[in-house]
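**Q** Below is one structure. I have some questions about it.
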Amino acid sequence: NLSIGNTATLRWTISNGGCTPSTDDVNIAVAAPPTTSNAGNDQNLCNTTTTNLQGNNPTIGTGAWSVITQTATITTLTSYSTGVTALSIGNTATLRWTISNGACTPSTDDVTIAVDALPTTAAAGTDQNLCNVTTTQLSGNRPTTGTGTWSVLTGTATITALNSYSTTLTAMTVGSTTTLRWSIVNGTCTPSTDDITIVIAAPPTTAAAGTDQNLCNVTTTNLSGNAPTVGTGAWSLITGTAT
């Protein structure tokens, strides 16, 4: 009938006649199983080297943190909510929360802390002004950190390869403006985005300046060019004098 969580002391006594008995004591400590360890939720961070842990506070036993993989500095090893510094950006650290009590098997649980690097700053390329075509090639920047994706914001276009910085576009509409976005994403970090506009002009109306004129002794006349249905017309003087 030993008591769990307590220590019993027993004495072994050897007696013989009128001699002083010989005694020795033994302590028997019966530890209770430690509180089940819970290291907290895995963390996904962006561009930081510090965080706080969220282990559980033991009701039985004593907790201690340890670093299993990668690098981290634990501020207070035995605090369930300790701070952590010196994390490595671009890597994932694994930490273990161990709750121990006496001779019982320790209870352990692990937490991973992934620290993502900021994505490469997106550059979608120079705006394009095209004439009477429905295809073109994009010239975004190649990400060194993260993954890039094109999307159509306004207008119509079919993107051949969504994740290619230099993809081709097809099925655009002549006479319209299309806006596309190049987004570079890395983990939980805020995406970096940049937009590009592609203006596709329709061919201008065929110019017709009117019939040649043969006049006598006048300094004024009226021209009779055609009114453009597509584009804007403008007169210029090629030879001679005129206002």
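The values are calculated or read from the model by the stated rules, or taken from the named source; none is laboratory data. What you see is a predicted model; the values in this text were computed from it and never measured. Reconstructed Cβ throughout: ideal geometry from the backbone, glycine too, with neighbour counts over all protein chains shown. Ligands, DNA and RNA are excluded from the accessible area calculation, which covers all protein heavy atoms including side chains. Shrake-Rupley method; radii C 1.70, N 1.55, O 1.52, S 1.80 Å.
**Q** Can you confirm whether D195 is modelled with pLDDT of 95 or more and under 30 Å from W150 (Cα atoms)?
**A** Details: modelled with pLDDT of 95 or more: yes; under 30 Å from W150 (Cα atoms): yes.
Against the criterion (modelled with pLDDT of 95 or more and under 30 Å from W150 (Cα atoms)), D195 qualifies.
**Q** On to the next question. Report whether or not G102 is open to solvent by 40 Å² or more (accessible area, probe 1.4 Å), without any contact (Cβ under 8 Å) to a residue 40 or more places away in the chain and either hydrophobic (A, V, I, L, M, F, W, C) or assigned to a loop (DSSP other than H, G, I, E, B) (or both).
**A** Criteria not met by G102.
**Q** Hey, does segment 193-206 have a residue that's closer than 15 Å to T135 by Cα and free of Cβ contacts under 8 Å to residues at least 24 places away in the same chain?
**A** There is no residue in segment 193-206 that is closer than 15 Å to T135 by Cα and free of Cβ contacts under 8 Å to residues at least 24 places away in the same chain.
**Q** Would you mind stating whether S66 is in contact with a Pro (Cβ under 7 Å, 6 or more places away or on another chain), among the hydroxyl-bearing types (S, T, Y) and farther than 27 Å from G146 by Cα? Break it down stepwise before answering.
**A** Working: in contact with a Pro (Cβ under 7 Å, 6 or more places away or on another chain): no; among the hydroxyl-bearing types (S, T, Y): yes; farther than 27 Å from G146 by Cα: yes.
The answer is no for S66.
**Q** In addition: Take the residues in segment 45-74 that are over 25 Å from the mean Cα position of the chain (by Cα) and small (G, A, S), then tell me which one is surrounded by the fewest Cβ atoms within 10 Å (Cβ to Cβ).
**A** Out of the qualifying residues, it is S66.
**Q** Answer with yes or no whether L77 is free of Cβ contacts under 8 Å to residues at least 24 places away in the same chain, loosely packed, with under 12 Cβ neighbours inside 10 Å and not in a loop (DSSP other than H, G, I, E, B). Give the derivation first.
**A** Numbers: free of Cβ contacts under 8 Å to residues at least 24 places away in the same chain: yes; loosely packed, with under 12 Cβ neighbours inside 10 Å: yes; not in a loop (DSSP other than H, G, I, E, B): no.
Spelling it out, it is not the case that L77 is free of Cβ contacts under 8 Å to residues at least 24 places away in the same chain, loosely packed, with under 12 Cβ neighbours inside 10 Å and not in a loop (DSSP other than H, G, I, E, B).
**Q** Could you please find all residues in segment 210-241 being of a type outside the set (S, T, N, Q) and either surrounded by 10 or more Cβ atoms within 10 Å (Cβ to Cβ) or not in a loop (DSSP other than H, G, I, E, B) (or both)? Walk me through it before giving the result.
**A** Within segment 210-241, the subset of a type outside the set (S, T, N, Q) is 210, 212, 215-216, 218, 223, 225, 227-228, 230-231, 233-235, 237-238, 240.
G210, G225, P228, V230, G231, G233, listed by residue number.
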